[in-house]
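Asks: Handing you this structure, nothing more for now.
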Amino acid sequence: MNTIYILWLRQLKRYFRSKSRIVGSLGQPVLFLVALGFGFGPIFKRAGAGNYMNFLAPGVIAQGIIFTAIFSGIELIWDRQFGFLKETLVAPVSRLNIMIGRTLGGATISTLQGVIIFFLTLLIGFRPTNLIMLPLALVIMFLTALLFTALGTAIASTLEDFQGFQLIMNFLVMPLFFLSGALFPLNDLPGIISVISRINPLSYGVDGLRATLINVAHFGLATDFLVLTGVSILFLSIGSYLFSKIQV
Amino acid sequence: MNIIEVKNLTKKFKDFTAVDNISFEVKTGEIFAFLGPNGAGKSTTIKMLTTLLSPTSGKIMINGFNPINNQDAVRKSFGIVFQDPSLDEELTAYENMDFHGVLYNVEKNLRIRRIEELLNIVDLWDRKDHLVKTFSGGMRRRLEIARGLLHHPKIFFLDEPTLGLDPQTRNQMWTYVSNLNRKEGITIFFTTHYMEEAEKIAQKIAVIDHGKIITQGTAEELKNATKTNSLEEAFLSLTGKKIRDEEVNGTDHLRMMRQMWRGKRK
């Protein structure tokens, strides 16, 4: 228990100390909100789909979460190459606890990042419809964060160095984001895109946020919740297995 | 009594035999130097002794425990300073120590006392709340030594602890280590490429090359056997003068990248 706590605490300390990382990671969501939110707003309205800013904001919150989550999972590579991981691996504690502590830490900071972006979206013009559901939105944020931190950790466990990082950003994180329904509604999409968006776990995170914040859902909150929980457990298991196989 | 016992230890990676049927013992309270050229099998052996790698065959006993079936007991028995830095640079010196104490389940009051005591010994108490990334190479090494001793280990492994340090820091570091050995009776197991260090501090030396231990004994015995005047000459006469190149791996790439970004570590 102590092991999990101290590893969790370490992630949080590192997060709050890298102010530039926090500010830097807010740039992209703000840009999306301003450029796309205001840019496509009029067209969205003319198409009879309502307020685009309100539609977009949950998507951008989800984006902030997935980026931070995958990154904090991938950070394992740094720890591994620069030795800190060795310090934890020769300690008399189980690898499972190390993995759980790290992942919970990463998920916590990603959720915080989501909350910060939520407040930013309010400043820019997002108006959530049902504030009573806010705690539930927080749960969806945390599940999304947990899922992608576990995925990041699983990937990082198999990577030797940072060479593969760009590959992950361009061929995994970006497609996951763009094809998640974060930017556009998932109705009436062409076949292949529709299939991809259905197997993309982020779609359920975005949908869950929309369901809780603006009361619009594509899959439905129950489905979102079940899929996010199920896939989180799956990724955590895979991540734990791969983490237990790491050799330093 | 022997605190480390290694019998017929072998480690194979696919077709390559990194460690080939080696046997040796280290007595309790001894300072033991494990020498060999690059790629001789030193690091692989240390990894097996410290539970980071499991042997292909052979037997290891650390402080009376077998790393295969009593991993945690072995892990509590030793402290280690790795060849590469293993501190969290975004944490302070104190936080790095505290983190270690929690992982090793050192009781809170004892932990607080011990951290203060050790940081004083390595002259870092007044810097305890500074982030490690502001530390020089020598300070980091000292902190790693203090950290490795926090849980009162019986054995202290030092894998090339003086690599890249200036003579002053090296000298100071060995003074700490031999004091520890004298005062607390900790067994020291170290590797180094600086032969004069081994000659000066080690009570027993084993030389490994191509995965095999070629000789063991005191510095005097090694010099007499090879009819040389210094351990350096003895070492060269035992292992030859050919330069060994290790394969470049991901860690080396990153090390280069890191040096590029922030300048060489001082």
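Asks: Given the structure, is A:Ile61 within 14 Å of chain B (Cβ to nearest Cβ), under 12 Å from the mean Cα position of the chain (by Cα) and at pLDDT 95 or above?
Replies: No; evaluated as a whole, the condition is false for this residue.
Asks: With the requirement that a residue be touching an Asp or Glu at 6+ places or on another chain (Cβ under 6 Å) and either in contact (Cβ under 8 Å) with a residue 60 or more places away in the chain or among the hydrophobic types (A, V, I, L, M, F, W, C) (or both), what does the range A:85-95 give you?
Replies: A:Leu85
Asks: Still on this structure, I have one more. Inside the range B:121-132, can you point out the residues that are more than 7 Å from B:Ala93 (Cβ to Cβ) and surrounded by 14 or more Cβ atoms within 10 Å (Cβ to Cβ)?
Replies: B:Ile121, B:Val122, B:Trp125, B:Leu131
Asks: When you scan the range B:143-161, do you find a residue that is away from chain A (no Cβ under 12 Å) and farther than 27 Å from B:Ala198 by Cα, even just one?
Replies: The answer is no; no qualifying residue exists.
Asks: If you go through the range B:95-110, how many residues are more than 19 Å from B:Leu180 (Cβ to Cβ), more than 10 Å from chain A (Cβ to nearest Cβ) and crowded, with 19+ Cβ neighbours inside 10 Å?
Replies: Result for the range B:95-110: 0.
Asks: Within the range B:59-94, restricting attention to residues that are of a type in the set (A, V, I, L, M) and part of a helix (DSSP H, G or I), which residue is surrounded by the most Cβ atoms within 10 Å (Cβ to Cβ)?
Replies: B:Ala93
Asks: I would also like to ask the following. I need the full set of residues from the range B:1-58 which are without any contact (Cβ under 8 Å) to a residue 24 or more places away in the chain and part of a loop (DSSP other than H, G, I, E, B), in order please.
Replies: Passing the criteria: B:Lys14, B:Asp15, B:Leu52, B:Ser54.
Asks: Go through the range B:112-135 residue by residue and tally those that are within 11 Å of chain A (Cβ to nearest Cβ) and either within 25 Å of B:Lys76 (Cβ to Cβ) or part of a helix (DSSP H, G or I) (or both).
Replies: Total meeting the criteria: 2.
Asks: Would you be able to tell me the number of residues in the range A:9-42 that are under 17 Å from the mean Cα position of the chain (by Cα) and within 14 Å of chain B (Cβ to nearest Cβ)?
Replies: 5
Asks: Check every one of the helices (runs of 4 or more DSSP H) wholly within the range A:17-100 and list those with 1 or more residues that are farther than 30 Å from B:Val81 by Cβ.
Replies: Result: A:19-31, A:38-46, A:52-74.
Asks: What's the number of the only condition in (1) surrounded by fewer than 21 Cβ atoms within 10 Å (Cβ to Cβ); (2) in contact with a strand residue (DSSP E or B) (Cβ under 9 Å, 6 or more places away or on another chain); (3) hydrophobic (A, V, I, L, M, F, W, C) that B:Leu118 fails to meet?
Replies: The one condition B:Leu118 does not meet is (2).
For (1) touching a Gly at 6+ places or on another chain (Cβ under 8 Å); (2) more than 14 Å from chain B (Cβ to nearest Cβ); (3) in contact (Cβ under 8 Å) with a residue 40 or more places away in the chain, each residue gets a yes or a no:
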residue: A:Phe44; (1), (2), (3): yes, yes, no
residue: A:Ala47; (1), (2), (3): no, yes, no
residue: A:Asn54; (1), (2), (3): no, yes, yes
residue: A:Ile65; (1), (2), (3): yes, yes, yes
residue: A:Gly83; (1), (2), (3): no, no, no
residue: A:Asn97; (1), (2), (3): no, no, yes
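Asks: Of all residues in the range A:127-178, which are within 25 Å of A:Gly50 (Cβ to Cβ), of a type in the set (A, V, I, L, M) and free of Cβ contacts under 8 Å to residues at least 60 places away in the same chain?
Replies: A:Leu131, A:Ile132, A:Leu138
Asks: Among the listed residues A:Tyr15, A:Tyr5, identify the single one that is loosely packed, with under 15 Cβ neighbours inside 10 Å, under 16 Å from A:Ala107 (Cβ atoms) and in contact with a Gly (Cβ under 9 Å, 6 or more places away or on another chain).
Replies: When all the criteria are applied, what remains is A:Tyr5.
Asks: Restricting the search to the range A:142-179, which residues are in contact with a Leu (Cβ under 7 Å, 6 or more places away or on another chain) and either surrounded by 14 or more Cβ atoms within 10 Å (Cβ to Cβ) or more than 14 Å from every other protein chain (Cβ to nearest Cβ) (or both)?
Replies: A:Leu143, A:Thr144, A:Leu147, A:Ala150, A:Thr153, A:Ala154, A:Ala156, A:Ser157, A:Asp161, A:Phe162, A:Leu176, A:Phe177
Asks: Checking the structure you have, find out if any residue of the range B:49-58 is aliphatic (A, V, I, L, M), surrounded by fewer than 18 Cβ atoms within 10 Å (Cβ to Cβ) and more than 10 Å from chain A (Cβ to nearest Cβ).
Replies: No, that holds for no residue.
Asks: Does B:Lys47 satisfy the condition of being within 14 Å of B:Ile208 (Cβ to Cβ) and of a type outside the set (Ser, Thr, Tyr)?
Replies: Yes: the conditions hold for B:Lys47.
The values are calculated or read from the model by the stated rules, or taken from the named source; none is laboratory data. Just so it is clear, the model here is predicted, and its values are computed rather than measured. Cβ atoms come from the backbone with ideal geometry, glycine included; neighbour counts cover every protein chain shown.
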